[in-house]
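The values are calculated or read from the model by the stated rules, or taken from the named source; none is laboratory data. Quick caveat, the model's predicted, so the values are computed rather than measured. So basically every Cβ, Gly included, is an ideal-geometry build from the backbone, and we count neighbours across all protein chains shown. To get the accessible areas, we keep the full protein, side chains included, count just its heavy atoms, and leave off ligands, DNA and RNA. Shrake-Rupley method; radii C 1.70, N 1.55, O 1.52, S 1.80 Å.
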Amino acid sequence: MNRYIDLSHTIEHGMITYKGLPAPIVCDYLSREKSKALYADGTEFQIGKIEMISNTGTYVDTPFHRYETGKDLSEIVIEKLVDLDAITIQADYRIGIEIGKSFFENKNVNGKAVLINTGWSKFWRTDAYFENHPFLTEEAAIYLRDQRVILVGIDSHNIDDTRGNSRPTHTTLLGAEILISEHLCNLDQLPESGFTFTAVPPKVKGVGTFPVRAFATLKK
Ligand SMILES: [Zn+2]
């Protein structure tokens, strides 16, 4: 039996993921009560309706998020999303919020999903989550790109420094077709290696980001 660790936040009505962007509206399209008129006695259904921006909850960014001609959700092959050999990097936000290439240099990151455990997810759904969060430097992004990693995940508000307006880490990683996963959680429960990472969005044309059920598989 494999063991699974859920690395995703729950998405709820009214929940803000990103400061300045709207919360999802989760409601009934067809309520159980109204459905009773459509079905036989004792048979009822709910059909939900969700209105949300694509950057909601724990999500994956594909190149289209940053680049008009980049691959969108529908164009990412399943091999880039499922059962990726993974490594956990410890980068405690209390030591510093700037994550440079020295965190990765003596680690075997080549060809892997690199998951950065900063501890920031403990501020999820508080005002503290949005400001002065840990991020990956451009130099670190270039190093990981050159190491040919498959995906980079972080439990922070943004993988880039949001104090300025440039987004060099998104630019570098997505420009090399390296996927990004943000707003992960429970990374403190992961071993350093010997597990895989899975995070699969739906196949939507013309959208670059979408919520995922991200999880780790610990093989027995
Ligand atoms: Zn992003």
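Annotations for the structure displayed:
- Partner lysines for K101 [C-alpha distance under 22 Å; skip if fewer than 8 residues away on the same chain]: K112
- Carbon + sulfur, % of accessible area of the range 1-45 - ligands and nucleic acids excluded, 1.4 Å: 55 percent
- Karplus 3J(HN,Hα) series, Hz, for the range 185-192 with 6.51 cos²θ - 1.76 cosθ + 1.60 (x for Gly, Pro): 8, 6, 5, 5, 8, 8, x, 5
- On full extension, the segment bounded by Y67 and T171 gains 36.6 nm, given 0.36 nm per residue less the C-alpha separation.
- Equivalent ellipsoid dimensions for the range 46-87 as semi-axes, Å, which come from the Cα gyration tensor, largest first: 23, 17, 11
- Residue among F104, F197, F210 with the largest mean-square fluctuation in a Gaussian network model of the chain, springs linking Cα atoms under 10 Å: F104
- Isotropically averaged projected area of the range 117-220, using the convex hull of Cα atoms (one quarter of hull area), nm²: 7.8 nm²
- Computed magnitude of the charge dipole of the range 1-142 (debye, nearest 20; Cβ of K, R +1, Cβ of D, E -1): 240 debye
- Column: log10 I(q)/I(0), Debye, Cα scatterers of the range 66-187, q = 0.19 Å⁻¹: -1.04
- Among A141, A86, A128: highest mean-square fluctuation, GNM of the chain, C-alpha pairs under 10 Å: A128
- Computed over protein heavy atoms with a 1.4 Å probe, the carbon and sulfur contribution to the accessible area of the range 72-218 reaches 47%.
- For the chain, built as a Gaussian network whose Cα springs stay under 10 Å, the top-fluctuating residue of Y29, Y129, Y67: Y29
- Restricting the range 142-177 to trypsin sites (Lys or Arg not before Pro) in coil, as DSSP defines it, with at most 16 other Cβ within 10 Å: R148, R163
- Reachable aspartates and glutamates from K203, criterion Cα separation under 15 angstrom, eight or more residues apart if same chain: D61, D72, E75, E79
- Normalised by residue number, the volume inside the convex hull of the Cα atoms of the chain is 147 Å³ per residue.
- Set of lysines near K34 by C-alpha distance (under 25 Å), chain-local residues within fewer than 8 positions excluded: K49
- Heavy-atom accessible area per residue - the chain, 1.4 Å, Å²: 52 Å²
- Here the scattering of the range 1-43 is modelled by Debye summation over its C-alpha atoms, one equal scatterer each and no solvent; at q = 0.17, 0.18, 0.22 Å⁻¹ the log10 of I(q)/I(0) is -0.72, -0.73, -0.79.
- Relative contact order [Cα under 8 Å, 6+ residues apart], the chain, whole percent: 31 percent
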